[in-house]
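Engineer: This is the structure I have questions about; it appears just below.
The values are calculated or read from the model by the stated rules, or taken from the named source; none is laboratory data. No experiment lies behind these values; they were computed from the predicted model shown. Cβ coordinates were reconstructed from backbone atoms using ideal geometry, including for glycine residues, and neighbour counts include every protein chain displayed.
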Amino acid sequence: MPSFGVNSRKHRDTCDSELIAILDEAIQHTDFSVIWGHRDKESQDKAFAMGNSQLKWPKSKHNHLPARAFDVIPYPGGFSAPLEEFDKLATHILAAASKLKVPLKWGGHWTRFDDRAHYELMED
């Protein structure tokens, strides 16, 4: 069974408890790496400058502590994996959210900015 490595656990542990539960459920079904949970100001500003985020500090759900968003990539393959691998991973992440009854939004569904690595809690 897949499990989180040191870096994935580090990022996972910065997330909201509902997101941690989703990640823990999904890792039982497919292998992936958690590459972001919480982002500090420097990390968020860098992500924005590089075009990896549409939001400046402190407007991203990554900027909360605990984080209300996470980014994951398929393992193996990472960002070099075919888009189908991101879509397959999304099936597992979204199924875990549904099973746990946690409303989750996937960046792969966005029309203005395709961010297949990104997931965030829906606000009430």
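Engineer: What residue, among those in the stretch 107-122 that are surrounded by fewer than 19 Cβ atoms within 10 Å (Cβ to Cβ) and hydrophobic (A, V, I, L, M, F, W, C), is farthest from SER17 (Cα to Cα)?
Structural biologist: Of everything passing the filter in the stretch 107-122, PHE113 is farthest from SER17 (Cα to Cα).
Engineer: How about the stretch 1-80: which helices (runs of 4 or more DSSP H) wholly inside it have at least 2 residues that are more than 19 Å from ALA97 (Cα to Cα), modelled with pLDDT under 95 and not aliphatic (A, V, I, L, M)?
Structural biologist: Passing ranges: none, list empty.
Engineer: Filter the stretch 82-102 down to the residues that are part of a loop (DSSP other than H, G, I, E, B) and under 20 Å from GLN28 (Cα atoms) and list them by number.
Structural biologist: Selection gives LEU100, LYS101, VAL102.
Engineer: Now a separate question. For ARG39, are the conditions met, namely being basic (Lys, Arg), within 14 Å of the chain's Cα centre (by Cα) and over 17 Å from PRO74 (Cα atoms)?
Structural biologist: The answer is yes for ARG39.
Engineer: Looking at (1) over 20 Å from HIS11 (Cα atoms); (2) within 13 Å of the chain's Cα centre (by Cα), find the lone condition where PRO82 falls short.
Structural biologist: Single failed check for PRO82: (2).
Engineer: Another question about this same structure. For the stretch 103-122: of the residues being in contact with a helix residue (DSSP H, G or I) (Cβ under 9 Å, 6 or more places away or on another chain) and part of a loop (DSSP other than H, G, I, E, B), which is farthest from PHE48 (Cα to Cα)?
Structural biologist: By that ranking, first place goes to PRO103.
Engineer: Can you tell me how many residues within the stretch 26-60 are under 14 Å from ASP115 (Cα atoms), touching a strand residue (DSSP E or B) at 6+ places or on another chain (Cβ under 6 Å) and not β-branched (Val, Ile, Thr)?
Structural biologist: The total comes to 1.
Engineer: Still on this structure, I have one more. Does LYS41 count as basic (Lys, Arg), in contact with a Phe, Trp or Tyr (Cβ under 6 Å, 6 or more places away or on another chain) and exposed (fewer than 14 other Cβ atoms within 10 Å of the Cβ)?
Structural biologist: It is true that LYS41 is basic (Lys, Arg), in contact with a Phe, Trp or Tyr (Cβ under 6 Å, 6 or more places away or on another chain) and exposed (fewer than 14 other Cβ atoms within 10 Å of the Cβ).
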